[in-house]
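S.K.: I'd like to ask some things about the structure below.
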Amino acid sequence: MYKYVKRFFDIVFSIISIIFLLPFFIPLAILLAVTGEHEVFYLQKRVGYKNGFFKIWKFATMKKNSPNMGLGSITLRNDPRVTKVGKYLRKSKINELPQILNILIGNMSFVGPRPLMKVDFDKFSPDVQDSFYNSKPGITGLASIVFRDEEKFRSETTIDPHEFDKKYIAPYKGELELWYQKNLSFYTDFMLIFLTVLIILRPKSNLIYRIFKDLPKKPKALR
């Protein structure tokens with residue numbers, strides 16, 4: 001029942017969102033077309049529901065061929081691959097809004113685990129991989145809120161960012177998403193949407209740990 005009702009609301013609210021955001025998308029698309037790499041959208045292969053693959057939609061924020069440049073799938077603070085306009089789109093998360101199209105198509109939801117590139121998905125243990133995408137990936141979700149400034153953690157570490165990701169970030173993300181899979185409910189999804197809005201307004205808020213008191217504890221390296 002939960003799955004079908006959630007899909008119904010995904011369709012309704014994705015249509016409403018597209019209509020509401022279209023006047024904003026058009027001038028932004030023109031701006032991207034005449035600046036940076038002159039690309040409006042960026043489509044990338046991601047892991048999705050039941051570990052299948054799909055193409056995610058984003059506003060283009062990085063230089064062409066970025067996955068094969070620098071640190072590949074990992075982005076740091078002040079990453080030189082990010083365009084000038086892209087810097088602001090990424091900070092505000094506006095670059096993620098075209099994923100509303102993915103929601104309407106049906107390969108994403110508003111709330112769920114973030115769709116990852118395979119190279120990042122492979123950092124999880126096999127048991128986490130088996131359960132991570134038992135629900136559709138989302139524009140926002142538990143790990144997305146906790147790691148709202150993921151680039152900060154990677155930029156401040158003294159070890160290789162990929163190694164830090166594999167050793168600290170990925171294991172904790174896995175714990176968070178397994179918690180989400182065990183606590184699927186309309187209440188959980190509603191609170192995650194509320195918390196997403198809250199961290200846009202108050203980025204340093206840790207209210208999530210007070211609302212969901214049984215969340216896995218954050219490792220010392222990530223505090």
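Computed from the coordinates by the stated procedures, all read-outs in this text should not be read as laboratory data. Values in this document were obtained by computation on a predicted structure and should not be read as measured data. Neighbour counts are summed over all protein chains in view; Cβ atoms, including those assigned to glycine, are modelled from backbone coordinates with ideal geometry.
S.K.: Picking from Arg46, Arg148, Arg210, which is most flexible by a Gaussian network model of the chain using Cα springs under 10 Å?
M.R.: Checking each option, the largest mean-square fluctuation is seen for Arg210.
S.K.: Would you mind telling me which residue in Asp189, Asp120, Asp130 has the biggest mean-square fluctuation in a Gaussian network model of the chain, where springs connect alpha carbons within a distance under 10 angstrom?
M.R.: Result: Asp130 has the largest fluctuation of those listed.
S.K.: Let me ask you something else. Taking the Cα centre of the stretch 2-222 as origin and charging only Cβ (+1 Lys, Arg; -1 Asp, Glu), how large is the dipole, in debye to the nearest 20?
M.R.: 260
S.K.: Within a 10 angstrom radius of the beta carbon, how do Arg7, Arg202 rank from fewest other beta carbons to most?
M.R.: With the sparsest Cβ surroundings first, the list reads Arg202, Arg7.
S.K.: Pairs of Cα atoms under 8 Å, at least six residues apart: use those to get the relative contact order of the stretch 2-222, whole percent.
M.R.: 19
S.K.: Follow-up question, since we're still on this one. log10 I(q)/I(0), Debye, Cα-only the stretch 2-222, no solvent, q = 0.15, 0.16, 0.17 Å⁻¹?
M.R.: Once normalised to I(0) and log-transformed, intensities are -1.08, -1.25, -1.43.
S.K.: If we count every other residue with Cβ under 12 angstrom of Phe132's Cβ, Lys/Arg +1 and Asp/Glu -1, where does the sum land?
M.R.: Every neighbour counted, the sum reads -1.
S.K.: If you don't mind, another one. Among Lys213, Lys118, Lys58, which one shows the highest mean-square fluctuation when the chain is modelled as a Gaussian network with alpha-carbon springs under 10 Å?
M.R.: Lys213
S.K.: Can you pick out the pairs among Lys123/Lys217; Lys118/Lys220; Lys87/Lys152 whose Cα atoms lie more than 24 Å from each other?
M.R.: Lys118/Lys220
S.K.: Most exposed first by the Cβ proxy, i.e. fewest other Cβ within 10 Å, how do Ser125, Ser131 rank?
M.R.: Arranged by neighbour count, lowest to highest, Ser125, Ser131 become Ser125, Ser131.
S.K.: In nm, to one decimal, how far is the modelled label at Phe24 from the one at Arg223, with both set 7 Å along Cα→Cβ?
M.R.: The modelled label-to-label distance comes out at 3.7 nm.
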